[in-house]
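Asks: Sharing a structure here in structure tokens format.
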Amino acid sequence: MQNNIEAILQENKIIPVVTIQNESEIDTIYQKLSSKGIHCIEITLRTPYAFEAIAEFKKRYGFEFKVGVGTVIKREQVEKCKALKVDFMVSPGLTADLARELHESKIPFLPGGVTPSEIITGQELDVQFFKFFPANLFGGLQTLEAYETVFKGVKFCPTGGINESNYKDFLRLENVVSVGGTWVLR
């Protein structure tokens, strides 16, 4: 069942993808997102401060925000996410070993899958919800429209090239449950 990522995605149609460099950014990010009615965040593991940022954001705002971790690609990162009691994890891809670690963590997760082979492999690993990244480089709306008929029951959260002018077009697709992006903080 993928540990209930579906509920998180359905409740949060827009998931900001955020990279935090230092502690001074945390309150500003919170204020910008909450002022827009957004109460979910994916904090990426792209800076040396990332895990500290996740811990601090969760401590300050975890009572009203779903705090997720992006760019999870290794077992050690999954272990740190478990220790921090994050709400969800996001990975740009999926392997059999990573799928096992993600499932065993009992934390909802969203792995990347954009090609038919990746989606089929994900389904074989008990995954029905995928991050479609980078959407702008893999055909975006046209690809996801084509996948509606091919992959019944599979749902996507596209990121990469999603912005204020096109996110509603993605959300209109039956197989798109939410969208992610950096534009939300601009």
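Asks: Can you name the residue in the stretch 3-15 that is within 28 Å of E76 (Cβ to Cβ) and either among the aliphatic types (A, V, I, L, M) or surrounded by fewer than 21 Cβ atoms within 10 Å (Cβ to Cβ) (or both) and is also modelled with the lowest pLDDT among such residues?
Replies: The extreme case among them is N3.
Asks: Of the residues that make up the stretch 133-150, is at least one part of a strand (DSSP E or B) and either over 15 Å from the mean Cα position of the chain (by Cα) or in contact (Cβ under 8 Å) with a residue 24 or more places away in the chain (or both)?
Replies: No: the stretch 133-150 contains no residue that is part of a strand (DSSP E or B) and either over 15 Å from the mean Cα position of the chain (by Cα) or in contact (Cβ under 8 Å) with a residue 24 or more places away in the chain (or both).
Asks: Could I ask something else about it? For the stretch 131-159, which positions are within 15 Å of G180 (Cα to Cα) and of a type outside the set (A, V, I, L, M)?
Replies: K131, F132, F133, P134, N136, G140, K155, F156, C157, P158, T159
Asks: When you look at N136, is it buried (at least 16 other Cβ atoms within 10 Å of the Cβ) and farther than 27 Å from K85 by Cα, yes or no?
Replies: Considered against the rule, which asks whether it is buried (at least 16 other Cβ atoms within 10 Å of the Cβ) and farther than 27 Å from K85 by Cα, N136 comes out as no.
Asks: One residue is enough: does the stretch 9-22 have a residue meeting the conditions farther than 17 Å from G180 by Cβ, in contact (Cβ under 8 Å) with a residue 12 or more places away in the chain and out of contact with any His (no Cβ under 7 Å at 6 or more places or on another chain)?
Replies: Yes, that holds for at least one residue.
Asks: So, one more: Would you be able to say whether some residue in the stretch 93-101 is over 18 Å from the mean Cα position of the chain (by Cα), farther than 28 Å from F151 by Cβ and of a type outside the set (S, T, N, Q)?
Replies: no
Asks: Return the residue satisfying two criteria in turn: it lies in the stretch 156-181 and is assigned to a strand (DSSP E or B) and of a type in the set (A, V, I, L, M), and of such residues it is surrounded by the fewest Cβ atoms within 10 Å (Cβ to Cβ).
Replies: So, considering only residues that are assigned to a strand (DSSP E or B) and of a type in the set (A, V, I, L, M), the one surrounded by the fewest Cβ atoms within 10 Å (Cβ to Cβ) is V176.
Asks: Still on this model: Condition first: of a type outside the set (V, I, T) and either surrounded by fewer than 21 Cβ atoms within 10 Å (Cβ to Cβ) or in a helix (DSSP H, G or I) (or both). Now tell me which residues in the stretch 114-130 satisfy that.
Replies: P116, S117, E118, G122, Q123, E124, L125, D126, Q128, listed by residue number.
Asks: If you don't mind, another one. Is it the case that the stretch 103-112 has a residue that's in contact (Cβ under 8 Å) with a residue 24 or more places away in the chain and of a type in the set (S, T, N, Q)?
Replies: yes
The values are calculated or read from the model by the stated rules, or taken from the named source; none is laboratory data. Bear in mind that the values here come from a model prediction, so they are computed numbers and not experimental data. Counting neighbours? That spans all protein chains shown, and the Cβs are built from the backbone with ideal geometry, glycine included.
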